[in-house]
1. Six or more apart or on different chains, Cβ under 6 Å: which pairs go from a residue in the range 29-55 that's closer than 19 Å to ARG71 by Cβ to one that's assigned to a helix (DSSP H, G or I)? Could you list them?
2. Collect the residues in the range 104-147 that are modelled with pLDDT of 95 or more, surrounded by 18 or more Cβ atoms within 10 Å (Cβ to Cβ) and part of a loop (DSSP other than H, G, I, E, B), keeping them in residue-number order.
3. Being assigned to a helix (DSSP H, G or I) and either away from the ligand (no atom under 12 Å from the Cβ) or surrounded by 12 or more Cβ atoms within 10 Å (Cβ to Cβ) (or both) is the filter here; which residues of the range 18-32 pass it?
4. Is there a residue being touching a strand residue (DSSP E or B) at 6+ places or on another chain (Cβ under 8 Å), closer than 21 Å to LEU192 by Cβ and small (Gly, Ala, Ser) anywhere in the range 50-70?
5. If you take the residues in the range 88-103 that are surrounded by 15 or more Cβ atoms within 10 Å (Cβ to Cβ) and away from the ligand (no atom under 11 Å from the Cβ), which one is farthest from LEU34 (Cα to Cα)?
6. Tell me, which residue of the range 68-81 that is within 9 Å of the ligand (Cβ to nearest atom) and free of Cβ contacts under 8 Å to residues at least 24 places away in the same chain is farthest from ALA15 (Cα to Cα)?
7. Quick one: GLY69 ticks every box in (1) outside any helix (DSSP H, G or I); (2) surrounded by 13 or more Cβ atoms within 10 Å (Cβ to Cβ) bar one, so which box is it?
8. Is the range 51-62 home to any residue that is within 9 Å of the ligand (Cβ to nearest atom), more than 23 Å from HIS129 (Cα to Cα) and at pLDDT 95 or above?
Amino acid sequence: MEKDKELIEAFTRQADFYDWDRYQNLQKPSNIRLKQLVERDLDRYLIGRSVFEIAAGTGYWGRYLMDKGYRYRGVEITPAFVDKAHEKGVLTERLGDARSLDSYPREVDNIICIKAFSFIKDPVNVLSHCDKSLRKGGRLLIWYYNKDFHILNFLLKLKGTSIPKLTPLELRHSQKEMRQMLNHEGFRILELQDYINFSYRFIPKFLRNNKVVHWMDDHLKYGWITFVAAEKA
Ligand SMILES: C[S@@+](CC[C@H](N)C(=O)[O-])C[C@H]1O[C@@H](n2cnc3c(N)ncnc32)[C@H](O)[C@@H]1O
């Protein structure tokens with residue numbers, strides 16, 4: 001964990017604010033919409049009864065899934081985030097590293113990873129652990145920051161935060177790269193789509209291609225996220 005010192009320190013500084021800002025602050029249309037999209041896709045793709053979450057954060061989704069009746073386990077590398085999860089009663093979220101196979105359960109029905117894949121250094125290793133951990137036919141659901149995220153990083157840099165260093169471009173994946181990685185591990189892809197705001201479709205194509213629009217409107221924020229659902233063959 002030594003090499004993640006900077007990442008852990010940055011998230012520890014945000015611990016009090018994080019959960020509120022991402023999930024409770026419903027002033028932001030992008031927060032509401034993203035929650036709706038994640039809930040919709042969890043509903044569509046989760047099977048069986050057990051869910052394991054990689055980089056489980058402050059336990060927001062753990063609480064949500066436990067309330068829905070799932071047997072839930074999570075792993076998270078930032079101790080302050082694990083404390084936040086325990087405050088929510090999500091005691092099955094444990095401190096650990098998603099790059100270690102020891103962190104994973106056996107024969108789990110579903111593995112999820114929400115807005116965290118691009119923070120974990122060594123994504124190929126993580127996908128291989130997922131393959132070993134899932135039961136045959138089990139589902140892997142990942143919501144990840146796609147390459148457009150570099151614009152957000154640029155803006156954050158102007159504001160002087162340390163996040164840009166935590167998410168280097170090589171850890172953000174295009175659809176093609178994600179498809180290749182999953183195919184390489186033998187997963188069958190069920191769905192792979194960018195989360196695009198409805199209004200985004202009406203913006204002229206040349207602007208969309210520039211990606212300039214992404215930071216013009218808070219509504220568009222979740223356009224940085226790509227969702228993939230895959231199945232262990
Ligand atoms: C943007 S946060 C997302 C957290 C949560 N999934 C959510 O939706 O709120 C990224 C998370 O990845 C965690 N993380 C980064 N590297 C990790 C690793 N190797 N193992 C476990 N968690 C890790 C960070 O501590 C942080 O909580």
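The values are calculated or read from the model by the stated rules, or taken from the named source; none is laboratory data. Source: prediction; values computed, not measured. Please note: Cβ atoms are built from the backbone with ideal geometry, for glycine as well, and neighbour counts cover all protein chains shown.
1. VAL51/LEU65
2. TYR104 - this is the single residue of the range 104-147 that is modelled with pLDDT of 95 or more, surrounded by 18 or more Cβ atoms within 10 Å (Cβ to Cβ) and part of a loop (DSSP other than H, G, I, E, B).
3. TYR18, ASP19, ASP21, ARG22, TYR23, PRO29, SER30, ASN31, ILE32
4. Yes: the range 50-70 contains one or more residues that are touching a strand residue (DSSP E or B) at 6+ places or on another chain (Cβ under 8 Å), closer than 21 Å to LEU192 by Cβ and small (Gly, Ala, Ser).
5. So, considering only residues that are surrounded by 15 or more Cβ atoms within 10 Å (Cβ to Cβ) and away from the ligand (no atom under 11 Å from the Cβ), the one farthest from LEU34 (Cα to Cα) is THR92.
6. If we take residues in the range 68-81 being within 9 Å of the ligand (Cβ to nearest atom) and free of Cβ contacts under 8 Å to residues at least 24 places away in the same chain, then GLY74 is farthest from ALA15 (Cα to Cα).
7. With (1) outside any helix (DSSP H, G or I); (2) surrounded by 13 or more Cβ atoms within 10 Å (Cβ to Cβ) applied to GLY69, the lone miss is (2).
8. The answer is yes; a qualifying residue exists.
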